[in-house]
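A.B. asks: Sharing a structure, written as C-alpha cells. Questions coming.
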Amino acid sequence: MTLEDVSKLSGYSTATISRVINGSAKVNPETKKRVERAIRELNYQPSFAARMLRREATDSIGVIFPDLDVGFYTEVLKSINKRAAHSGYDLMVAFGHDPEGEMRLVRKYVQQKRVDALIVMNLDLPSRFIRSLNGSRVPLVLLDRPECGLNTVSVGIDNEVGAREAMEHLIRNHGYKQIAIATGPADTHDSMERLRACRQIASELGLASDDLLTWEGNFTEVSGYKMIRSYIESGKKLPDAVFALNDPMAFGILDGLREANVRVPEDIAVVGFDDVSLAKHLSLTSVAVPFQELGTLSVDAAIQAINEPEATAQKEYLVKTKLVIRKTCGGAG
C-alpha cells in the first residue's frame, strides 16, 4: 500500500494525508477521520525510514529554476509556492545561470540536505550528473525534463498534443499553406518535442516540407523580435502564419510586425505556446499550459517521495494542454 492508494480511497491529496500522518494541526477533524479510516482499511503503514526522515525534516522543499526571464517560469513558481504553503512546507528557491552554477546549487542542496526534496525545472544538467544523484537522501523531482532509465519522478507537459492542436487549427480551419515555426534552443526538451510534433502533423496534413519554415530562437522576447525583423528585412514574402513555441517569442514577433506596419492576422497569423497572463491582453492565440496543475503535481510528487523514500519506481506525469483561440490567428476559422 502506498500514499497514493490512501489518497484514492479517502478522496484527499497525498499532501493532506501526509499532514494527517505527521499530526499537523492544520487538518480539520472530519478530514482527519476520513483519512484515518482509509489508512485503517488499507492497513497502510509509513515505513520506518520515512518516519526517521520526518524526524530530521527541514519542512522545506527546494526549487531550482533557470533565470526568470520567461513568464512561464514565474507562473509555475507561483503555483509551486501556493501548493507548498498549503501543505505546510516552506520553499527555498534558487536560480541557475549556467550549467556549472546549476550543478553547484544542486550539489549544495543534496549533499548538505538543506531541504527534504528538490524540484528542478528544465535545467541544463547533464544526464550523467542527474544519474549520479539517483538514490541520494534528498529525492529529486524533474519538472519539464524527463530522464529515462532512472528511479526519479518527472512532471511535464503534453507538448505533442498541444503542438498538434495548434497546427491542425492553422492548416485545417484557416487553410494556411506556409507556416514558420519559431523554435527555442535546439537542446531544450520542450522545443524538441513541439517541433517534432509540428513536422509530423504538417506532413500528415499534406503541407509541403518547403512550406514549413524553421526560425531558430532561444525562447526570449528579444529573439522573437529579431527573427521577424530579420525576415522582413530580407525582402522575402511573409508566411501565412507563425507558430512560436513559447509566448515570449510570440510577443517579440508581434512587436516586430507592428513596427513594420504588418497587420495581424490580416497579413500574417501568430500563435504562441503557454498562454501566460499577458497573452490574453494581447489577444494572442496560444496553447494553454495548466500552471496550477503543473506546480501542484510537482509538490505532491515531492511530498510523496519524502514520505515514501523506498518507493523508487520511475514515474512520469503529463499535464494536458488546450488551444485558446483569440484574434491573432484569425479567430475560430
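The values are calculated or read from the model by the stated rules, or taken from the named source; none is laboratory data. Every value quoted in this text rests on a predicted model; they were computed, and no experiment measured them. Heads up, the Cβs are rebuilt from the backbone with ideal geometry, glycines too, and the neighbour counts pull from every protein chain shown.
A.B. asks: I need the full set of residues from region 238-292 which are in a strand (DSSP E or B) and under 21 Å from the mean Cα position of the chain (by Cα), in order please. Please lay out each step first, then the result.
C.D. replies: Taking region 238-292 first, the residues in a strand (DSSP E or B) are 241-244, 269-274, 285-288.
Those that are in a strand (DSSP E or B) and under 21 Å from the mean Cα position of the chain (by Cα): 243, 244, 271, 272, 273, 274, 285, 286, 287, 288.
A.B. asks: Same structure, new question: What residue, among those in region 293-333 that are charged (D, E, K, R) and in a strand (DSSP E or B), is surrounded by the most Cβ atoms within 10 Å (Cβ to Cβ)? If you could, list the steps in order and put the result at the bottom.
C.D. replies: Keep residues of region 293-333 that are charged (D, E, K, R), which gives 293, 300, 308, 310, 315-316, 320, 322, 326-327.
Still in the running and in a strand (DSSP E or B): 315-316, 322.
Values: 315: 16, 316: 13, 322: 13.
Here the answer is 315.
A.B. asks: Which residues, taken from region 204-217, are within 18 Å of residue 185 (Cα to Cα) and surrounded by fewer than 18 Cβ atoms within 10 Å (Cβ to Cβ)?
C.D. replies: 213, 214, 216
A.B. asks: Only residues in region 250-269 that are within 15 Å of residue 282 (Cβ to Cβ) count as the first member; pair them with residues that are polar (S, T, N, Q) and outside any loop (DSSP other than H, G, I, E, B), Cβ under 6 angstrom, at least 6 apart or cross-chain, and list the lot.
C.D. replies: The qualifying pairs are 264/328; 265/328.
A.B. asks: Still on this structure: Which of the following residues is at pLDDT below 90, surrounded by 16 or more Cβ atoms within 10 Å (Cβ to Cβ) and either more than 24 Å from residue 289 (Cβ to Cβ) or within 21 Å of the chain's Cα centre (by Cα) (or both): 140, 118, 91? Walk me through how you get there before you give the answer.
C.D. replies: Values: 118 fails: at pLDDT below 90; 91 fails: at pLDDT below 90.
Answer to the selection: 140.
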